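For reference, the structure discussed in these notes is given below.
Read the figures in this text as sums done on the coordinates, not as results from a lab. Keep in mind that what you see is a predicted model, and the values were worked out from it rather than measured. Note: ideal-geometry Cβ built from the backbone for every residue, glycine included; neighbour counts use all protein chains shown.
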Amino acid sequence: MCVNATVENETVTYSLTSMIHELEDVGWIALGFGEAMVHSPMVIMWKNDDGSMSLSQRITRFYSEPHVVKDPPRTATSVEPKLTSWHPTASTTFSFQVPAHQSLLNGTAMRETLIWALSPIRPDKAPESHLARHFEIGHITMKFKTLEVPEVHTTTSTVAASPSPTAGKPNEDSASRPPSEEDEHDHDHGGHEKTVHAHAFLLSLGFLFLLPLGILAGRWGRTISPVWFKVHWIINMALAGPIIALGWVLGPIAVYQAGVPHLNDAHKICGVIFIFLYAAQVWLGRYIHQRRVELAAKGPITKPHPPLNVLHVVIGLLFIAFAFFQVRSGLDKLAEEEDEAPSVKWYYKVWAIWAAIIPFLYLVGLSLLRRQFRQERANADASDPTYAPLSDDIQLAESSTRLLFENPEDDDDVEDPKYKK
């Protein structure tokens, strides 16, 4: 299947050419605006026995026969295809026009993801006629390139698509040839691509670097320095919060720029769930800390690990685990773009290495649990409620195990009667 798209004024003309099927072998040809059959607006065309052309705009919520959309957001009309010298003799071309997306006209989204399908069984003439199942399907990535045409005084975009070749330059020389290698491999990051890359970078930085770093600060730092909690919340909330929020907002913007439906796949749905889960986790952490401060003001803390504390830890670990899978699903979507595939291979390697390093560091940090519990027991009567480790003058009366920060030279200065012979 070859797809040609030409943008002129505020209209896009799409020409769909079956390169190996003559007209009598073509039932209907469909072009869908999206990444998959479900929730993608479709334009379906077929030639009738009387020579007229039928056009039907449809959509489906499931993998079943699409239903007719009576009032589509963009109304398509069939036009007479313009055949050029590179069209094979034994081929069939259908063409239609549709209003261009505003994001394409203003240059913020110069890439379009499409799907196509073909069936040899011709429907009846009515646009709402039953459609037989497709026999061939595929997907195409259109890359628009703006060209100024002085003699026409309009801006026309040419495209290259994969796997189907495309063309669409307005002048005669370029329109009469198939796309060149330069067209196929010219990768100019438009507004949509830049938004996607910024979205991926910011959320990867927030979810896979800053949040794990904050967790490791809590796991390792609580037995080493009294400032561990401050480092923990600064990283997880003050630093990661704005980065995650900005990266998340860029997701819906990228979807809008591409002109595809929101929440139509698992990656998008999980993205919404993640932002609410992150906000809930931050709120839970703040509540637990405030509650500890209030309890410490009333007296010694007898339960250093109440259920909410344990829940906070469990949610945090599960969140990071799912964040790795969420980022991986985003890389899988990026890998579907032909020009991104070489870079994504390196992203996969970095992802795999980091996915091994973070659990390893956390598991090693669990070896400090015994030291943490000893410090908490010895510090139970302390007035400082900020999870500080033991100071030099706090001793364990019930254990001969020396604690972190103890000074062996202080043993002779102990005045407690329990230690006198």
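Can you give the FRET efficiency to the nearest 0.05 for Leu317 and Asp50, using r as the Cβ-Cβ distance and R₀ = 51 Å? Mind showing how you got there, number by number?
Details: r = 67 Å, r/R0 = 1.31.
With R0 = 51 Å, the Cβ-Cβ based efficiency is 0.15.
Calculate, for Asp124 and Ala36, the FRET efficiency according to 1/(1 + (r/R0)^6) with r their C-beta to C-beta distance and R0 30 Å; round to the nearest 0.05.
Working: r = 27 Å, r/R0 = 0.91.
It comes out at approximately 0.65.
Taking 0.36 nm per residue of sequence separation and subtracting the Cα-Cα distance, how much length would be gained by fully extending the chain between Leu83 and Arg61, in nm to one decimal?
Values: separation 22, 0.36 × 22 = 7.92 nm, distance 3.51 nm.
Gain on stretching Leu83 to Arg61: 4.4 nm.
With 5 Å bins from zero, work out the P(r) of the range 213-307 over every alpha carbon pair and list the percent per bin.
Reading the bins upward from 0: 2, 11, 16, 18, 16, 11, 9, 7, 5, 3, 1, 0.
Could you pull out the pairs from Lys82/Lys145; Lys47/Lys70; Lys230/Lys345; Lys125/Lys194 whose alpha carbons sit more than 32 Å apart here?
Pairs exceeding the cut-off: Lys230/Lys345; Lys125/Lys194.
Estimate the FRET efficiency between Ile253 and Ile357 by the formula 1/(1 + (r/R0)^6), using the beta-carbon distance for r and 35 Å for R0, to the nearest 0.05.
Working: r = 32 Å, r/R0 = 0.90.
It comes out at approximately 0.65.
Using the per-residue mean of other Cβ atoms lying within 10 Å as a proxy for protection, in what order, highest first, do the peptides 215-221, 345-351, 373-379 fall?
Working: 215-221: 20.0, 345-351: 13.0, 373-379: 17.9.
By packing density, highest mean first, the sequence is 215-221, 373-379, 345-351.
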